[in-house]
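Read the figures in this text as sums done on the coordinates, not as results from a lab. From a predicted model like this one, the values you see are computed outputs, not experimental measurements. Positions of Cβ are backbone-derived with ideal geometry, glycine not excepted, and every protein chain shown enters the neighbour counts.
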Amino acid sequence: MNDIWDLLPGLADKLAAHVVLSASAIGLAMLIALPMAVWAGRSPLVSRLALSLASLVQTIPALALLALFFPLLLSLRAVFGEGLPTLGFLPALMALTLYALLPILRNAVTAQANLDEGVLEAADGVGMTKWQKLVLVEAPLSAPFIMAGIRTASVWTIGAATLATTIGQPSLGDPIFAGLQTQNWALVLAGCFASAGLALAADNLLWIIEVGLARRSHRMTWGGIAVVALGILAALWAQGGGPEERRIIIASKSFSEQYILAQLIGARLEAAGYEVDYRDGLGSAVVHSAVASSSIDISVDYTGTVWTNYLKRSDNPGREAMYTTIRDWEARTSGVKVLGRLGFENAYAFAMRADRAKALGVTSLADLTGKAGELTVGGDPEFFERPEWIAVRNAYGLRFGKSRNFAPTFMYNALQSGEADVISAYTSDGRIAADKLVVLADPEGALPSYDAMLMLSPRIAGDKGVIAALQPLIGAISVEAMREANLAVDREDAQKRTPRQAAEELAKKAGL
Amino acid sequence: METPAPLLRFDGVICRFGEVTAVGTEVGGVSCDIAAGSFVALVGASGSGKSTLLKTVNTLVHPSEGRVLFGGEDVSTLKPARLRRRVGYVFQGIGLFPHFSVAENIAIGPRLAGEKLPPERIAELLALVELDPAFAKRMPDELSGGQRQRVGVARALAGGPELLIMDEPFGALDPVTRDALGRKVRELHERLRLTTVMVTHDMAEALLLADRVLVMDRGALVADESPRALLAGAGGTVAQRLASVPREQAERLAAMEREG
């Protein structure tokens, strides 16, 4: 518990970003939903359309909604030019605003529909214009119900804003995602406490405003509004004067190796006098397009990933040919500079517990062919959709009894606890050695190679200083060194390291 | 003797809502003059079109055909806000604004016209409907039904209207309150020299308060008589069916008294 209290002060800037993002989304949602509700109150068709649309948005998982704005904004660059941000604040704001619409809209429409008929007739009878009727009668009488909707929207939005991390917007999701991937539970809990605390505080403040409106107490209403405004202003102030000069942004996908390499790259650039920023825990699908569009500047990607996902190839021409093809393809199509290979592979490999493999007499994928029916295979969330899996399945005729998805860090636990018999492991993962796992041979060569490549965005592709700072990393990291660093971050005992510490040790080991 | 120009004139008024014709018939619309100073009751069964016809006066309903003249001017050419200040409106739903105090409710019409009613005027209006000046600060939900409708009447009178139109004004009140408030309105009608049109389905109320009774049936005006003439059997079948109810009730009550 003490760890959590120590971590909380360090989250102040994430909290400020979280407050600014959530408040902007709710504010924007109010600006859209309230006039729409007035319109809906005058037209049943608009009412039905607006409410079904808002409900439809709610059925999309928040994580997917956030990710969908990336390609959408990317395609909108054709209209608004290259300056349109595709990651970070803008897409997060848009997705969260859509999410906040429904409760505000629904409560505002319901409040209007439930206004006393007699009161509305009296408003006409005393000679109010439509506008006077709205301002003097409908708005004040609906206000407490609308406020209740805004409260609901605020709690949802503050919760969903933690997911903004996946599209590169700093938020209280940063410690949660980073902590989940590196099994740093104190960090996860600190992030959760902070966002839950924020949601509770917002809910109570807005409740005071709601009660103030219902009891027509100006003191409660304006007092509540003043405290909310102060909180938002403080967050804006804490965020500082906004972006001055653009820093070099280093991306990492959501697993330990990526966090470590991002820190390693960042440390080298800082030593060379550059200012850097990290976008940790990005969705795997987002990273490649984000580098290509210079939304981020540096990423580490893997040959096999690019080969299948972006070149859409399913053949396997061998390790070297694959790399040179990708390097030329990137230069030709996206303008991304592939600086080189770091020296290790993080390929998919199938792993089993040693005792289980021995009992079943399995040493290679070919041995599984007849036995898979009684076994459970575990994979990361995208694995069973990937062409590698389809290639392996077809090459060895594998029909597993059950297949289950696990977050990468939990796959190994699942293997230990027997919830999975075979998992799709990664060759650079430290836990293969630590858990004494058996990696099954691939005699048919169905799995492609996964050399780690250093990718530079078109924006910095020609920056000689950056290239000079990063060139020594090429070919410098062996798979053993990477495994050791990954294990140091993933382990749960006293030798557990943060990604930054692991990156320092890795740099020393690599002689940098 | 020369007849004064009517304050209110319905001239061939027909009101249609889609397929339904609420006021008027195939033969033609409703035409009728109402003289300044008269107290007219508009009586009919539910759905006879009496409320709809009344609402054409303050343009809450717009006639599909024909026109309504108020002081010689077509009401559709007058600004609604100004027209509604000159026409006090009291209706069954009362419709006091729950977020306004009694004083604010009474003062709303003048306020919309940019005029602020002084507290003395509020007290005066409250006195007219026999409410203590202390009521000014209360909120509507602190009042009884009868008190609320008294405030409703005071609100209708606040702008100093020439015409008072009332749509089932006492419909939701208990019989004792109803009788007291009816008498009060009649008294105010005399005192303030108002012209009053009251819609009601209760013929007894119409006969006791009005000096002229119009009877409507399925959109048409079927009788236009004084209360005395109606009691004497004039006005045709629909009017007599309505008038027979209170007459027979009165006779039965009188008989009970004799036997008792």
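What FRET efficiency do you get for B:F17 and B:D179 if R0 is 30 Å and r is their Cβ-Cβ distance, rounded to the nearest 0.05?
Given R0 = 30 Å and the Cβ-Cβ separation, E is 0.30.
Filter the trypsin sites (Lys or Arg not before Pro) in the range A:409-486 to those in DSSP coil with at most 12 other Cβ atoms within 10 Å of their Cβ, and list the result.
When the trypsin sites (Lys or Arg not before Pro) of the range A:409-486 are filtered for loop state and at most 12 Cβ neighbours within 10 Å, A:K436 remain.
Go from 0 up to the bin containing the longest alpha carbon distance in the range B:76-151, width 10 Å each, and give me the % of pairs per bin.
Pair shares across the bins are 18, 51, 26, 4, 0.
What number, rounded to the nearest 500 deg cm²/dmol, is the helix-based mean residue ellipticity at 222 nm of chain B, given -39500 (n - 2.57) per DSSP H run of at least four residues and division by all its residues?
After summing the helix terms and dividing by residue count, I get -11000 deg cm²/dmol.
So in chain A, what percent of DSSP beta bridges are antiparallel if you round to the nearest 5?
55
Give me the one-decimal Kirkwood hydrodynamic radius in Å for the range A:27-157, with the sum taken over alpha-carbon pairs.
Every distinct Cα pair counted, the radius reaches 16.3 Å.
How many angstrom separate the Cα center of the range A:281-342 from the Cα center of the range A:167-208?
33
Could I have the simple spin-label model distance between A:I467 and B:R241, label points 7 Å from Cα toward Cβ, reported in nm to one decimal?
The modelled label-to-label distance comes out at 10.1 nm.
Taking 1 over the mean of 1/r across every pair of different Cα atoms in the range A:307-349, what Kirkwood radius in Å do you get?
After inverting the mean inverse Cα-Cα distance, the result is 11.4 Å.
Charges at C-beta only: +1 for Lys and Arg, -1 for Asp and Glu. How large is the resulting dipole of chain A about its Cα centre, in Debye rounded to 20?
Dipole size: approximately 600 debye.
At 4 °C and 1.567 mPa s, grab the translational diffusion coefficient of the range A:371-512 from Stokes-Einstein with a Kirkwood Rh over Cα pairs, rounded to a whole number in µm² per second.
This corresponds to a translational diffusion coefficient of 74 µm²/s.
Which residue fluctuates most in the GNM of chain B (Cα springs below 10 Å): B:T25, B:T77, B:T177?
In the Gaussian network model the winner is B:T77.
Percentage of Cα-Cα pair distances in chain B greater than 31 Å, rounded to whole percent?
27
DSSP loop (so not H, G, I, E, B), at most 14 other Cβ within 10 Å: list which trypsin sites (Lys or Arg not before Pro) in the range A:1-54 pass both filters.
none
Which aspartates and glutamates have a Cα lying under 19 Å from the Cα of A:K312, excluding residues fewer than 8 positions away in the same chain?
A:D301, A:E320, A:D328, A:E330, A:E382, A:E385, A:E388, A:D451
Given labels modelled 7 Å from the Cα in the Cβ direction, how far is it in nm from A:A196 to A:E444?
4.8
Step through the residues of the range A:357-366 one at a time and calculate ³J(HN,Hα) from phi using the Karplus curve (6.51 cos²θ - 1.76 cosθ + 1.60, θ = phi - 60°), rounding each to whole Hz and writing x for Gly and Pro.
Values, residue by residue: 4, 5, 4, 8, x, 10, 10, 9, 4, 4 Hz.
Setting aside same-chain residues fewer than 8 positions from A:K358, which aspartates and glutamates have a Cα under 13 Å from its Cα?
Output for A:K358: A:D367, A:D421.
Once the cut-off is 18 Å, how many percent of the Cα-Cα pairs in the range A:263-410 end up in the long-distance tail?
Tail fraction, whole percent: 67.
Using the Cβ atoms and a cut-off under 10 Å, what net charge is assigned to the surroundings of A:D124, where Lys and Arg are +1 and Asp and Glu are -1?
+3
Projecting each Cα onto the charge dipole of the protein assembly as shown (Lys/Arg +1, Asp/Glu -1 at the beta carbon, about the Cα centre), which of A:G430, B:P161, A:V362 comes out farthest on the positive side?
Selected residue: B:P161.
So what are the three principal axis dimensions of the protein assembly as shown from its Cα atoms, in whole Å, longest to shortest?
Principal axes ranked by extent give 121, 56, 56 Å for the Cα atoms.
Rg to Rh ratio, the range B:170-243, alpha-carbon atoms and Kirkwood radius?
Reported Rg/Rh, Kirkwood definition of Rh: 0.98.
Can you give me the Rg/Rh ratio for the range A:348-439, using Cα atoms for both radii and the Kirkwood formula for Rh?
Result: Rg/Rh = 0.92.
Write down the Kirkwood hydrodynamic radius of the range A:2-238, to one decimal in angstroms, obtained as one divided by the mean of 1/r over all alpha carbon pairs.
19.3
With contacts defined as alpha carbon pairs under 8 Å and 6 or more residues apart, what's the relative contact order of the range B:8-252 in percent?
26
Relative contact order, percent, of chain A when contacts are C-alpha pairs under 8 Å separated by at least 6 residues?
15
For peptide B:87-99, how many partner chain Cβ atoms fall within 10 Å of a residue's Cβ, on average?
Partner-chain Cβ atoms within 10 Å, mean over residues of B:87-99: 5.
If you find the alpha carbon centre of the range A:49-125 and of the range A:246-264, how far apart are they in angstrom?
33
Quick one: order B:M139, B:M198, B:M166, B:M256 by neighbouring beta-carbon count within 10 Å, fewest to most.
In increasing order of surrounding Cβ atoms, one gets B:M256, B:M139, B:M166, B:M198.
Provide the percentage of antiparallel DSSP beta bridges, counting only those with both residues in the range B:8-252; round to the nearest 5.
Rounded to the nearest five, the antiparallel share is 50 percent.
Taking just the alpha carbons, could you work out the radius of gyration and Dmax for the range A:322-373, both in angstroms?
For the range A:322-373, the Cα radius of gyration and maximum Cα-Cα distance read 18.8, 51 Å.
So between A:A272 and A:L56, what do we pick up on full extension, going 0.36 nm a residue minus the alpha carbon distance?
72.8 nm
In a solvent-free Debye calculation with one equal scatterer on each Cα, what is log10 I(q)/I(0) for the range A:251-307 at q = 0.13, 0.18 Å⁻¹, listed in the order of the q values?
For the requested q values the scattering log ratios are -0.31, -0.59.
What fraction of the Cα pairs in the range A:432-512, stated in percent, has a spacing above 19 angstrom?
The calculated P(r) of the range A:432-512 puts 56 percent of pairs beyond 19 Å.
Provide the per-residue ³J(HN,Hα) series for the range A:445-458, in order, calculated from phi with Karplus coefficients 6.51, -1.76, 1.60 and θ = phi - 60°, each as a whole number of Hz, with x at glycine and proline positions.
Coupling constants for the range A:445-458: x, 6, 8, x, 7, 10, 5, 6, 10, 8, 10, 10, 5, x Hz.
Simple spin-label model, 7 Å along Cα-to-Cβ: B:L69 to A:W237 in nm?
Going from the B:L69 label point to the A:W237 one covers 7.1 nm.
Counting each DSSP H run of 4 or more residues in chain A as -39500 (n - 2.57), what helix-only mean residue ellipticity at 222 nm follows after dividing by all residues, to the nearest 500 deg cm²/dmol?
Computed ellipticity for chain A at 222 nm equals -18500 deg cm²/dmol.
What pairs from A:K14/A:K496; A:K253/A:K337; A:K337/A:K464 go past 22 Å between their alpha carbons?
Listed pairs above 22 Å: A:K14/A:K496.
For the range A:1-86, what is one quarter of the convex hull surface built on the Cα atoms, given in nm²?
If you wrap the Cα atoms of the range A:1-86 in a convex hull and average its projections, you get 9.0 nm².
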